[in-house]
1. Where Rh is the Kirkwood radius over the Cα pairs of region 284-327, the temperature 37 °C and the viscosity 0.692 mPa s, what D in µm²/s does Stokes-Einstein return?
2. Between the alpha-carbon centers of region 259-293 and region 37-116, tell me the distance in whole angstrom.
3. Using a 1.4 Å probe, what is the accessible area per residue for the chain, in Å²?
4. If you bin every alpha carbon distance in region 205-321 into 10 Å steps from zero, what whole percent lands in each bin?
5. When the solvent-accessible surface of protein heavy atoms is calculated with a 1.4 angstrom probe, in what order do Arg2, Arg73 fall, highest first?
6. At a Förster radius of 22 Å, what calculated FRET efficiency corresponds to the Cβ-Cβ distance of Leu360 and Arg201, to the nearest 0.05?
7. With a 1.4 Å probe and every protein chain kept in, tell me what percent of the accessible surface of the chain is carbon plus sulfur.
8. Connecting C-alpha atoms closer than 10 Å in a GNM of the chain, tell me which of Leu369, Leu274, Leu187 has the biggest fluctuation.
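The values are calculated or read from the model by the stated rules, or taken from the named source; none is laboratory data. All figures in this text were calculated on a predicted structure; none of them were measured in a lab. Please note: Cβ atoms are built from the backbone with ideal geometry, for glycine as well, and neighbour counts cover all protein chains shown. Accessible surface areas use protein heavy atoms only, side chains included; no ligands, DNA or RNA. Shrake-Rupley method; radii C 1.70, N 1.55, O 1.52, S 1.80 Å.
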Amino acid sequence: MRGRYLLAESLGVFGGSLAFTGLGLLLGLEGTTWTLALLAALPYLTLPLDLLAGLLLDRLDRRTLLLAGVWLRAGILGLFALLPKEPLFLLPLAFLFQAVLALDLPAWHALLVRLAQGRLEREGGRLQAAQLLGDGLGDLLAPPLLLLAKPLPFALGGLFLAGEGLLLRDLPAYPPPRAAKGEGLTLRALLAGLAFLLEDRRLLPLTLYALALSFLSGLALALLPLLALAQGTPPALYGLYPLGLSLGGFLGSLAAGRVGPCLGIWGGHGLRVLGLALLLLPFPFGPLGAFLVGGGGALSGVHLRAYRQRLAPEALLGRVQAGAVALLSSGSLLGTLLAGGLGTLGPRVPLLTALLGLLLLLPLALGPLGCGRLLSLREGRFP
């Protein structure tokens, strides 16, 4: 994939991160807890729109939809900069931004099949690394920009998204196949991607494994600030934990294309287990654990996504990618909610429960997700 496309996506994610990190800080400074809670819930409130985005991607040109989403989000951030900084105005716009954002990941994952056929792990890893880089920089720079001038992170975010749109102008067209255009706009068509993920015998073990990982990750990391403080981390140094997750994810994404599926998936699993175990140790082992968790999650995630990209029929490609986003996000949400309940017993309890779950998944490496089967599926054979 061309470097300018990676730069474009990194700029776009950077712009969105500037705006939403700035928005979170802005609402935090206002001291209204319900608005902060609602902002944190927005990505989950838009989950049904992920399925609708997949349906659109299988009906219309995928490049056109991606670009339309980029320009719409740039315009929304422009409104953020201009309107009064009141929750009444900001939260509906934030929801609209998240709704349009539902097009972004499924569109890129579908476009990669056209842009990087045969190099899905390598190019998918590079794309994910570019996204993580933009997200991390936005998290870092948004607070000082907001404190300098409230409209600044939103205005700059909109400009960076507009820059992404300009850099992506020469993306090749990617119209959907005729088979998808002939389908009716029914509930069955809307859910067809999810149905494929859960019914296809080749993909089902990988889908269930990815869902379990999402659930266990949400369970393990939901109370990370409390866990870090309980392990003796100085509050001023807590930022090393999210930094470790981001840096590990960045490097794991880049490494994904250099290893095979067995090492990618099960090596990533092992890194995740080791990293979560290190989170239980006193500071400064925790940030190293976060780094390994981020690296392992990115490494296995790129390979799992590549299987969905390879095995999905062309007519379902958009819906399979969008359905996976919705399904895995639901798993993370359930894990996060369970962590809130178990956390009343102590901040380590959710993490210990997640570690036990990851260990119970290890027999899959000798069964339905053994190395031989993973290699066969990658080569287009179903053992």
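1. On the way: Rh = 12.1 Å.
Taking Rh from Cα pairs, D becomes 272 µm²/s.
2. Taking the Cα centre of each part, region 259-293 and region 37-116 sit 31 Å apart.
3. On the way: 16080 Å² over 383 residues.
That works out to 42 Å² per residue.
4. Pairs per bin, as whole percents: 15, 41, 28, 12, 3, 0.
5. Numbers: Arg2 120, Arg73 10 Å².
In descending accessible area the options line up as Arg2, Arg73.
6. Values: r = 23 Å, r/R0 = 1.03.
Calculated value: 0.45.
7. Values: 11750 of 16080 Å².
Result for the chain: 73 percent of the exposed heavy-atom area is carbon or sulfur.
8. Leu187
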